[in-house]
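Input: a single structure, listed below in structure tokens.
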Amino acid sequence: MNSLSHPTARTTPWVGAVLFALMFWFSSSLLMDFVIMPGLFVGGMMSQPDFGSAGYAMFWVFNRLELLCAGVILTGLLAARQSRPQRPVVASGLRSRWAVELGLGLLALTLVLTYAVAPAMGALGATLDPFAATVEVPGAMNQMHGLYFGLEAVKLLGCGALLSLLYGDLGRAEDL
């Protein structure tokens, strides 16, 4: 009833968009990193002649979805930060400075993964000799995999931190 008498006590619709995008991104990254990629690796994807182009095509789509999620999250964080200016920003985890910095960091990380790491890995896996009987994985590919999964771990930690800020807000929504 208190929310009916105080129209500014309602949450912004961007909170739902941030929550959906963040949970979609987090769960799809976990699915990709711990189910799909290990399954393809165990299934022998790296020994196939066109593993570089197939992997790049798969990550091209996935990285664009990640960019979309990062954009929605950052937009939602900035919109939530501007809502209800009479409340202090430090009272809300979602509207805090850390949330916006995490959103910017996640966007920057996604840009690096999309436009630097994934194309470099695709280029390393490109088949230059279509008549070769066996495919040998370049040594630099293992280093690129290490870099990619290190950045993925940082991304998952950032998504988890943003989720904890958001759930902290949802737990004390009546105070905000």
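The values are calculated or read from the model by the stated rules, or taken from the named source; none is laboratory data. Keep in mind the model is a prediction, meaning the values are calculated, not measured. So basically every Cβ, Gly included, is an ideal-geometry build from the backbone, and we count neighbours across all protein chains shown. The accessibility values were calculated without ligands, DNA or RNA, using every heavy atom of the protein model including side chains. Shrake-Rupley method; radii C 1.70, N 1.55, O 1.52, S 1.80 Å.
Quick notes
- Filter result for the condition that a residue is open to solvent by less than 70 Å² (accessible area, probe 1.4 Å), modelled with pLDDT of 95 or more and within 15 Å of E152 (Cα to Cα), over L107, L102: L107
- Subset of the stretch 82-99 [of a type in the set (G, A, S), over 23 Å from the mean Cα position of the chain (by Cα) and modelled with pLDDT under 65]: A91
- Qualifying residue in the stretch 118-131 (condition: open to solvent by less than 50 Å² (accessible area, probe 1.4 Å), over 14 Å from the mean Cα position of the chain (by Cα) and at pLDDT 90 or above): no
This table checks each residue for (1) touching an Asp or Glu at 6+ places or on another chain (Cβ under 8 Å); (2) under 16 Å from K155 (Cα atoms); (3) at pLDDT 90 or above; (4) assigned to a helix (DSSP H, G or I).
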{"position": "L4", "(1), (2), (3), (4)": "no, no, no, yes"}
{"position": "T12", "(1), (2), (3), (4)": "no, no, no, no"}
{"position": "G16", "(1), (2), (3), (4)": "no, no, no, yes"}
{"position": "L22", "(1), (2), (3), (4)": "no, yes, yes, yes"}
{"position": "S29", "(1), (2), (3), (4)": "yes, yes, yes, yes"}
{"position": "M32", "(1), (2), (3), (4)": "no, yes, yes, yes"}
{"position": "I36", "(1), (2), (3), (4)": "no, no, no, yes"}
{"position": "G39", "(1), (2), (3), (4)": "no, no, no, yes"}
{"position": "M46", "(1), (2), (3), (4)": "no, no, no, yes"}
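- Close pairs from the stretch 66-81: first modelled with pLDDT under 95, partner of a type in the set (F, W, Y) and buried (at least 19 other Cβ atoms within 10 Å of the Cβ), Cβ under 7 Å, at least 6 apart: G76/W14; A79/W14; A80/W14
- Residues being surrounded by fewer than 16 Cβ atoms within 10 Å (Cβ to Cβ) and either under 29 Å from G105 (Cβ atoms) or not hydrophobic (A, V, I, L, M, F, W, C) (or both) - total across the stretch 33-47: 9
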